[in-house]
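Chemist: After the structure tokens below, expect a handful of questions from me.
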Amino acid sequence: MSQKILLTSLEVNIILHRLACQLIENHLDFKDTILIGLQPRGRFLAERIKELLEQEYNIKDVSLGFLDITFFRDDFRRSDRPLEANKTQIDFLVENKKVVFIDDVLYTGRSIRSALTAIQSFGRPSAIELLVLIDRRFSRHLPIQPDYRGRQVDAINNEKVKVTWKENEGEDSVYLI
């Protein structure tokens, strides 16, 4: 299986800083903003964004939660293998807050549709935005677009985009497989 590197560790780092700065432009002190990493892969990106906001840009007390969408997916009963759910960790209400969903790759849009349904269990946000590291723009099944994107990738349907994080796989990179 051949793979092509789309983003190196340095490029991922530059993109993370740009995404953090774009969030600051729109949310300033994050007083009414909540970051929600979509489990499992959005968790790593969300944690890194929060770390940058707090440590590099001195934003205090950024609220971060993690949302498992497994049983909200429209295809969860179509698999032959049992699904493994992740843990939802949201220790606050989202009522009248601005929510920023964070995921590594936006592909068909089905995960985001599931997240829109799942977040309602925690209140009604005043607004919802989407931040993704990779936007596979020609692969949508639903009319969902990111508000913040790291990089757009045009991949043919049988190609996959693989994001690796140093916390999990030992390096920050993005590959086209």
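The values are calculated or read from the model by the stated rules, or taken from the named source; none is laboratory data. Computed from a predicted model, the values in this text were never measured in an experiment. When we count neighbours, we look across all protein chains shown, and the Cβ atoms used for this are built from the backbone with ideal geometry, even at glycine. SASA here: full protein model, heavy atoms, side chains in, ligands and nucleic acids out. Shrake-Rupley method; radii C 1.70, N 1.55, O 1.52, S 1.80 Å.
Chemist: Which one is surrounded by the most Cβ atoms within 10 Å (Cβ to Cβ), of the residues in the range 61-88 that are outside any loop (DSSP other than H, G, I, E, B) and modelled with pLDDT of 95 or more?
Modeler: In the first step, residues of the range 61-88 are kept if they are outside any loop (DSSP other than H, G, I, E, B); the result is 63-67, 70-72.
When the remaining residues are screened for being modelled with pLDDT of 95 or more, the result is 63-67.
Values: S63: 18, L64: 22, G65: 18, F66: 20, L67: 27.
Applying the filter and picking the extreme gives L67.
Chemist: For the subset of the range 160-175 comprising residues that are among the aliphatic types (A, V, I, L, M) and either within 16 Å of P40 (Cβ to Cβ) or at pLDDT below 95 (or both), which member is least open to solvent (accessible area, probe 1.4 Å)? Spell out the reasoning first.
Modeler: Residues of the range 160-175 among the aliphatic types (A, V, I, L, M): 161, 163, 174.
With either within 16 Å of P40 (Cβ to Cβ) or at pLDDT below 95 (or both) added as a condition, the list becomes 161, 163.
Working: V161: 27, V163: 6 Å².
The selected residue is V163.
Chemist: Same structure again: When the residues of the range 119-138 are filtered to those that are over 16 Å from the mean Cα position of the chain (by Cα) and crowded, with 18+ Cβ neighbours inside 10 Å, which remaining residue is farthest from N96 (Cα to Cα)?
Modeler: Going through the qualifying residues, I end up with F122.
Chemist: Here is a follow-up. Specify the residue that is nearest to L130 (Cα to Cα); the eligible residues are those in the range 8-19 that are touching a helix residue (DSSP H, G or I) at 6+ places or on another chain (Cβ under 8 Å) and surrounded by 19 or more Cβ atoms within 10 Å (Cβ to Cβ). I'd like the intermediate steps shown before the answer.
Modeler: Filtering the range 8-19 for residues touching a helix residue (DSSP H, G or I) at 6+ places or on another chain (Cβ under 8 Å) gives 16-17, 19.
If we keep only those that are surrounded by 19 or more Cβ atoms within 10 Å (Cβ to Cβ) as well, we get 16, 19.
Working: L16: 14, L19: 11 Å.
If we take residues in the range 8-19 being touching a helix residue (DSSP H, G or I) at 6+ places or on another chain (Cβ under 8 Å) and surrounded by 19 or more Cβ atoms within 10 Å (Cβ to Cβ), then L19 is nearest to L130 (Cα to Cα).
Chemist: Would you check if there is a residue in the range 20-36 being in contact with a helix residue (DSSP H, G or I) (Cβ under 9 Å, 6 or more places away or on another chain), open to solvent by 70 Å² or more (accessible area, probe 1.4 Å) and at pLDDT 95 or above?
Modeler: So far as the range 20-36 goes, no, none of its residues is in contact with a helix residue (DSSP H, G or I) (Cβ under 9 Å, 6 or more places away or on another chain), open to solvent by 70 Å² or more (accessible area, probe 1.4 Å) and at pLDDT 95 or above.
Chemist: On to the next question. Quick check on my filter: what residues within the range 91-118 are under 20 Å from L133 (Cβ atoms), aliphatic (A, V, I, L, M) and crowded, with 20+ Cβ neighbours inside 10 Å?
Modeler: Residues satisfying the conditions are V99, V100, I102, V105, L106, I112, A115.
Chemist: Give me a count of the residues in the range 3-60 that are part of a loop (DSSP other than H, G, I, E, B), within 21 Å of R151 (Cα to Cα) and of a type in the set (S, T, Y).
Modeler: Of the residues in the range 3-60, the ones part of a loop (DSSP other than H, G, I, E, B) are 3, 8, 28-32, 39-41, 57-60.
From what is left, the residues that are within 21 Å of R151 (Cα to Cα) are 3, 8, 39-41.
With the extra rule that they be of a type in the set (S, T, Y), the set shrinks to 8.
Matching residues across the range 3-60 total 1.
Chemist: Now a separate question. Within the range 45-60, can you find the residues that are out of contact with any Asp or Glu (no Cβ under 6 Å at 6 or more places or on another chain), within 25 Å of F122 (Cβ to Cβ) and either open to solvent by 60 Å² or more (accessible area, probe 1.4 Å) or in contact (Cβ under 8 Å) with a residue 12 or more places away in the chain (or both)?
Modeler: Taking the range 45-60 first, the residues out of contact with any Asp or Glu (no Cβ under 6 Å at 6 or more places or on another chain) are 46-60.
Adding the requirement that they be within 25 Å of F122 (Cβ to Cβ) leaves 46-54, 59-60.
Within the range 45-60, A46, E47, R48, I49, K50, E51, L52, L53, I59, K60 qualify.
Chemist: Please work out if I5 is surrounded by 12 or more Cβ atoms within 10 Å (Cβ to Cβ), modelled with pLDDT of 95 or more, more than 25 Å from Q120 (Cα to Cα) and touching a Leu at 6+ places or on another chain (Cβ under 9 Å). Talk me through it step by step, then tell me what you get.
Modeler: Working: surrounded by 12 or more Cβ atoms within 10 Å (Cβ to Cβ): no; modelled with pLDDT of 95 or more: yes; more than 25 Å from Q120 (Cα to Cα): yes; touching a Leu at 6+ places or on another chain (Cβ under 9 Å): yes.
So I5 does not fit the description; no.
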